[in-house]
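Peer 1: First the structure, which I've put down as structure tokens, then a few questions once you've had a look.
Just so it is clear, none of the values below were taken in a lab; they were calculated from the coordinates. Model, not experiment: these values are computed from the prediction.
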Amino acid sequence: MLVLAIGSVAVLAAVVVHAWPAVAASRQAVLRQAAAGLPLALVMTVLLAPGHRPRALDLGLTIVGIGLLATLASFTASALFTGVAALHFGVSVAVAHRRRAMARVPDQP
């Protein structure tokens, strides 16, 4: 998993360096994406974090995440970017739900 994360960061860095003039010229668009994307990443991080959380917290995080995705979709220039963000968010919600369900089921002998 760590290798995948490092590879993703390396690819992102290469793309940003290669496309820096376009990124610098689109400062407002980058800031809008970050304004919704960074909080969404934080929501997903909390949903994926191990440990027991109140169900209401997971529900609240899910609602906030849906709102952030809707915000992101309203001004994004890339449907693919929004789709990948929605996929990651959906996986995060599913993992949180699965962990909660597994915590309720006692171990089978």
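Peer 1: At 0.36 nm per residue, and after removing the present C-alpha to C-alpha distance, how many nm does the segment from ALA41 to ALA19 gain when stretched out fully?
Peer 2: Gain on extension, ALA41 to ALA19, equals 5.6 nm.
Peer 1: Need one number: the % of Cα-Cα pairs in segment 27-104 sitting beyond the 14 Å mark.
Peer 2: 60
Peer 1: Can you show me the helix-derived [θ] at 222 nm for the chain, built from DSSP H runs with n ≥ 4 at -39,500 (n - 2.57) apiece and divided by the number of residues, rounded to the nearest 500. Numbers along the way, then the final one.
Peer 2: Values: 5 runs with 92 residues, N = 109.
When only DSSP H runs of four or more count, the value is -28500 deg cm²/dmol.
Peer 1: Another one. Note down the relative contact order for segment 11-109 as a percent, whole number, built from C-alpha pairs under 8 angstrom at least six residues apart.
Peer 2: RCO, segment 11-109: 30 percent.
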